[in-house]
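Before any comments, here is the structure.
The values are calculated or read from the model by the stated rules, or taken from the named source; none is laboratory data. Keep in mind that this is a model prediction, so the values were computed, not measured. Every residue, glycine among them, receives a Cβ derived from its backbone with ideal geometry; neighbour counts consider all protein chains shown.
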Amino acid sequence: MILKGLDRSRFDTVVACPENSRLIGMVSDLGVRTAGIDPLHARFTWRVDRLIRYLASFVAVIRAARATVCSEAPDIIHANSIRAGLVMSVATLGLNVPVVWHAHDILPRHPLSVAIRLFACACRLNHIIAVSRAVANRFGVLVRMFGPVPVTTIHNAVDLERFQPNSESRREMRRAFGAADTEILIASVGQLTPRKGQRELVDAFADVARENPTVLLLIVGEPLFNRDREYADSLARAAHSLGLADRIRFLGSREDVPALMQALDILVVNSQDEPFALTVLEGLASGIPVLASAVGGTPEMIRHGENGWLVGARDRKRLAEAIMSLIHEPELRKRLGRNGRTEAVVRFSTDRFLGEIEAVYKNVLASGKTPQYQPAQRFKTELSAD
C-alpha cells in the first residue's frame, strides 16, 4: 500500500527484499526498483541450536543489507517489520542513515524481545511506527524508560474500493455456496493457527448449530507452518466428530476475499491476540457485522455495540451467545454493518494512512539526522521487507 500510493515525484524508492520471492515480482510490477537479498530465517525459540542457525542467518543478511545501503545511499530506510528494523539498524551502524521500524507485531514475552527493544532505543537514528496503541505499549515500554527514540502509532488502512458493500456480489456468492436468503453464513478469514482461535470457534459453533438449523460456517485460510498443518487437520477432525462436517466448510486460501465477504451475515475474528487485524478492517469496510475478541488493537477499531461486537478471548460460551444474538437480531446486524462501513471510510482510508506515513518521513528527515534534507527536495527511500 505504501509503495503503490507514495508520491513518485518526491520519493525515489528501492525495495530490498528476498530474491526469487513473490514480493520481488509484485514490487517490480509497480515499477519500483528492487535489490535482492537472502531471506532471513529467524523465529523466537528457546532451542540453542536453532538460535545459532538464526544468528548465522542474521549475519549473512546484515552483510548483504549493508552492501545495498552503501550502494544505494538512501536518505531514509523504512524497515517493514521488527526483524527488518533490527537487520537494517545493525547494517547501517556508522552510516548516519535513519531507520524507521514499522512494528506490525506484539512482541512475545521472551528474553530476545527485551534485547530487541533495548537495541531499538539505543540507536539514536531509529524511529518506530506501531500499527496500534497495543503494539506501541508493548514495544515502547523500554523505549520510554531508557531511550529518546520516538514511537508513533499509525493505524493500518483498508482499500475502500476493493472492500465495499455490493448487493450483486452478495447474491452471486451466496448462490455459489448454495445458501438461501434465510440461511445465515458465518466466516472466519485468516491463517489457520492456534492464535487465530478457529478451534474455539468450531466448538462455539457446535452450540449455535444445535439451535439454528440454517446456519453455515466458512473457514477461510490455510496453515503456513508445519505445526499449523497439524492444527488444520485437528479442525477438520473436530468438525467431523461434532457431527458438523456438512455445516462447516474449509475453503482454504482464496483470491476472492472481497467478494466472499459480501456473502456473509457475520464475520468472526476470534484471535487470542491481534496487533491490528486487517481482516477486521476488511469486514468493516465491506459493511458486514464483525464479531471479534477484544484483544490487542481490535478495540481501537471496534466500539462494542456501535460499529461491531466484542467478546472476551478464549470464552466459548460468550462467543456462542454473541453469535446467537446476532443471528436473531437482523436489524442489529444491519446497523453494525452500516456503522462499520462509515467507520472505515472516516478513519481507515489509504489517503489518511499515506499522509501520516509521509509526515513521519518528513519529521525524521527534518530532525537534523540528514542535514541535506530540504522540504521541497526529492529524496530516496529504501524499504526493507523480510
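Counting the residues of the stretch 173-193 that are within 26 Å of ASP233 (Cβ to Cβ) and in contact with a Lys or Arg (Cβ under 9 Å, 6 or more places away or on another chain) gives 7.
If you go through the stretch 1-29 and pick out every residue that is of a type in the set (Gly, Ala, Ser), part of a helix (DSSP H, G or I) and at pLDDT 85 or above, you end up with 1. Scanning the stretch 187-203 for residues that are assigned to a loop (DSSP other than H, G, I, E, B), on the phi > 0 side of the Ramachandran plot and exposed (fewer than 15 other Cβ atoms within 10 Å of the Cβ) turns up nothing.
With respect to VAL149, is the statement that it is assigned to a loop (DSSP other than H, G, I, E, B), surrounded by 16 or more Cβ atoms within 10 Å (Cβ to Cβ), at pLDDT below 90 and over 16 Å from the mean Cα position of the chain (by Cα) true? The answer is yes for VAL149.
Pairs meeting the criteria (first residue in the stretch 11-22 and closer than 9 Å to PRO39 by Cα, second residue of a type in the set (Asp, Glu), beta carbons under 9 Å, at least 6 apart or on different chains) are CYS17/ASP386; PRO18/ASP38; PRO18/ASP386; GLU19/ASP38. Scanning the stretch 316-353 for residues that are surrounded by fewer than 20 Cβ atoms within 10 Å (Cβ to Cβ), within 23 Å of the chain's Cα centre (by Cα) and more than 22 Å from ASN166 (Cα to Cα) turns up ASP351, ARG352, PHE353.
Of all residues in the stretch 329-345, those that are more than 17 Å from ALA277 (Cα to Cα) have Cβ atoms under 7 Å from Cβ atoms of residues that are among the charged types (D, E, K, R) and surrounded by fewer than 14 Cβ atoms within 10 Å (Cβ to Cβ), 6 or more apart or on another chain, in ASN339/GLU306.
In the condition set (1) at pLDDT 95 or above; (2) surrounded by fewer than 21 Cβ atoms within 10 Å (Cβ to Cβ); (3) out of contact with any strand residue (DSSP E or B) (no Cβ under 9 Å at 6 or more places or on another chain), ALA285 is compliant with all but (2). Scanning the stretch 243-255 for residues that are surrounded by 14 or more Cβ atoms within 10 Å (Cβ to Cβ) and closer than 19 Å to VAL158 by Cβ gives a single hit, ARG254. Restricting LEU264, LEU217, LEU244, LEU192 to those that are among the aliphatic types (A, V, I, L, M) and either at pLDDT below 95 or closer than 27 Å to HIS104 by Cα (or both) reduces the list to LEU192. All of ALA238, ALA259 fail the test of being farther than 22 Å from ARG170 by Cβ, aliphatic (A, V, I, L, M) and in a helix (DSSP H, G or I), apart from ALA238.
Yes or no, residue by residue, for (1) outside the structural domain of ARG316 (by TED's automatic domain parsing); (2) over 20 Å from GLU329 (Cα atoms):
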{"site": "VAL149", "(1), (2)": "yes, yes"}
{"site": "PHE177", "(1), (2)": "no, yes"}
{"site": "ILE186", "(1), (2)": "no, no"}
{"site": "PHE205", "(1), (2)": "no, no"}
{"site": "PRO213", "(1), (2)": "no, no"}
{"site": "LEU224", "(1), (2)": "no, yes"}
